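*Asks:* I have a structure I would like to understand better, so I am pasting it below and will then ask my questions one at a time.
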Amino acid sequence: MVTVVLAVALTAIGLALVFLPANELADLLRTVSLPRDVERTLLDLAAERLVAYACLLASPVLLIVGSLVRGV
C-alpha cells in the first residue's frame, strides 16, 4: 500500500513539474510558507526537467518493485 501511495505522489509531482509554468509553481511554493533556503532548493530542482522525468519514471518502477517484493 505504501508503494502505491508513493507512486501516485511521484506521478503527481512529475506531472506538476512538467506542465505547470515556473511562475505558478513559485507562487504555489510561496503560499506553503517554507523557509527561504528550502523554497530556493525546491525551485532549483523544479527548474530542471530531469527531476520531473525521474519522478515520472520512478512511479511505475516503484509499482513493479512493490508488486514483486513482499512486505514493501
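The values are calculated or read from the model by the stated rules, or taken from the named source; none is laboratory data. For clarity, every value in this text was computed on a predicted model and none was experimentally measured. Here the Cβ is made from the backbone with ideal geometry for all residues, glycine too, and neighbour counts use every protein chain on show.
*Asks:* With the structure loaded, tell me whether Leu10 is assigned to a helix (DSSP H, G or I), loosely packed, with under 12 Cβ neighbours inside 10 Å and not acidic (Asp, Glu) or whether it fails that test.
*Replies:* So Leu10 fails the test.
*Asks:* Return yes or no: is Arg40 of a type in the set (D, E, K, R) and not in a helix (DSSP H, G or I)? Break it down into steps so the answer makes sense when it comes.
*Replies:* Values: of a type in the set (D, E, K, R): yes; not in a helix (DSSP H, G or I): no.
Criteria not met by Arg40.
*Asks:* Here is a follow-up. Right, Gly66: part of a helix (DSSP H, G or I), among the small types (Gly, Ala, Ser) and at pLDDT 90 or above or not?
*Replies:* No, not satisfied.
*Asks:* Can you work out which of the residues in segment 13-24 that are under 12 Å from the mean Cα position of the chain (by Cα) and among the hydrophobic types (A, V, I, L, M, F, W, C) is surrounded by the most Cβ atoms within 10 Å (Cβ to Cβ)?
*Replies:* Taking the candidates together, the pick is Leu17.
*Asks:* If you don't mind, another one. Of the residues Val2, Val65, Val69, only one is in contact (Cβ under 8 Å) with a residue 60 or more places away in the chain and loosely packed, with under 12 Cβ neighbours inside 10 Å; which? It would help to see each step written out before you state the result.
*Replies:* On the way: Val65 fails: loosely packed, with under 12 Cβ neighbours inside 10 Å; Val69 fails: in contact (Cβ under 8 Å) with a residue 60 or more places away in the chain.
Unique residue meeting the criteria: Val2.
*Asks:* Give all pairs with beta carbons closer than 9 Å in which a residue from segment 9-38 that is within 15 Å of Leu50 (Cα to Cα) and of a type in the set (S, T, N, Q) meets a residue that is surrounded by 15 or more Cβ atoms within 10 Å (Cβ to Cβ) and at pLDDT 85 or above; count only pairs at least 6 apart in sequence or on separate chains.
*Replies:* Filtered contacts from segment 9-38: Thr11/Cys55; Thr11/Leu56; Thr11/Ser59.
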